[in-house]
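Below is one structure, written out as structure tokens; comments come after it.
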Amino acid sequence: MSAFLLRFLGLIRDAARDLLPIVLVIGFFQIAVIQQPFPNLLETAIGLFMVVMGLALFVQGLEQGLFPIGEAMANAFARKGSLTALLAFAFCLGFGTTAAEPALIAVAGEAADVAAAAKVIGDGEADREAYAIGLRITVALSVGAALVLGVFRILKGWPVHVLIIGGYVIVVAMTFFAPPEIIGIAYDSGGVTTSTITVPLVTALGVGLASVIKGRNPMIDGFGLIAFASLTPMIFVMLYGMIV
């Protein structure tokens, strides 16, 4: 218990150190440039404390729960020898984690509100909800497909840079044909998918899979899935805009 407490205190210290540059920047501009006192200083201090504790708990949860279970399941599927099961697991993992991604939920809701205000879709609640859900499902499907491609890359030993370059060529080409209203959302969708829920599990899947497959180097082959997870949503969302 004491070792756990010392470890957690170390995580709190690291989280506070990581947040310190942000605090210094905000404090400098608030005092030296804006030259006004901090609004709601007590609430701000309490909020910063909660952020530090949240980051420490989040990192502890990753190390204790998400990383081990992701690597263990990747190892189990690889040893099982069923390619179909492994690919199905990769797709479901990508789809499920992305659909539950808080950043994607927020962006999809904001995109629906802006689209309704711009008269791109209807102004009703049902129209906005349908637009947001359609966007979330499209992005989730794209990440599921990305993980399937990423698992194939690890199994076959394909060079990651060739696939990434080819993917961005497709993105640039589709930009000329996609509706202008969807391009910015598509580009942002590539970033919001790689957030708090998706990244740990996807990284654990890649590293765990590369560790158990003979001839694969976890450092070389285990990483790169996140790049696919941020690339494919741009393609899928632009295609969604072109069709819908």
Take ILE46 and tell me if it is assigned to a helix (DSSP H, G or I), free of Cβ contacts under 8 Å to residues at least 12 places away in the same chain and of a type in the set (A, V, I, L, M, F, W, C).
yes
From the list GLY81, GLY65, which one is within 20 Å of LEU5 (Cα to Cα), exposed (fewer than 15 other Cβ atoms within 10 Å of the Cβ) and modelled with pLDDT under 75?
GLY65
Please find, among GLY47, GLY61, GLY27, the residue that is of a type outside the set (Lys, Arg) and closer than 24 Å to THR198 by Cα.
GLY61
Just to be sure I understand, how many residues within segment 14-38 are touching a helix residue (DSSP H, G or I) at 6+ places or on another chain (Cβ under 9 Å), open to solvent by 80 Å² or more (accessible area, probe 1.4 Å) and not in a helix (DSSP H, G or I)?
2
Looking at GLY70, GLY54 in this structure, which one is under 24 Å from PRO200 (Cα atoms) and either surrounded by fewer than 16 Cβ atoms within 10 Å (Cβ to Cβ) or modelled with pLDDT of 80 or more (or both)?
GLY54
Spans of helices (runs of 4 or more DSSP H) in segment 119-233 with at least 2 residues within 30 Å of THR84 (Cβ to Cβ) and in contact with a strand residue (DSSP E or B) (Cβ under 7 Å, 6 or more places away or on another chain):
none
Could you figure out which of (1) over 30 Å from SER211 (Cβ atoms); (2) among the hydrophobic types (A, V, I, L, M, F, W, C); (3) exposed (fewer than 15 other Cβ atoms within 10 Å of the Cβ) isn't true of ALA100?
(1)
Just give me the residues in segment 222-231 being under 10 Å from ILE154 (Cα atoms) and modelled with pLDDT of 75 or more, in sequence order.
PHE223, GLY224, LEU225
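The values are calculated or read from the model by the stated rules, or taken from the named source; none is laboratory data. Predicted model only: the values in this text are computed from it and were never measured. Positions of Cβ are generated from backbone atoms using ideal geometry, with glycine treated the same way; all protein chains shown enter the neighbour counts. For the accessible areas, the whole protein counts, side chains as well, though only heavy atoms, and no ligand, DNA or RNA atoms are used. Shrake-Rupley method; radii C 1.70, N 1.55, O 1.52, S 1.80 Å.
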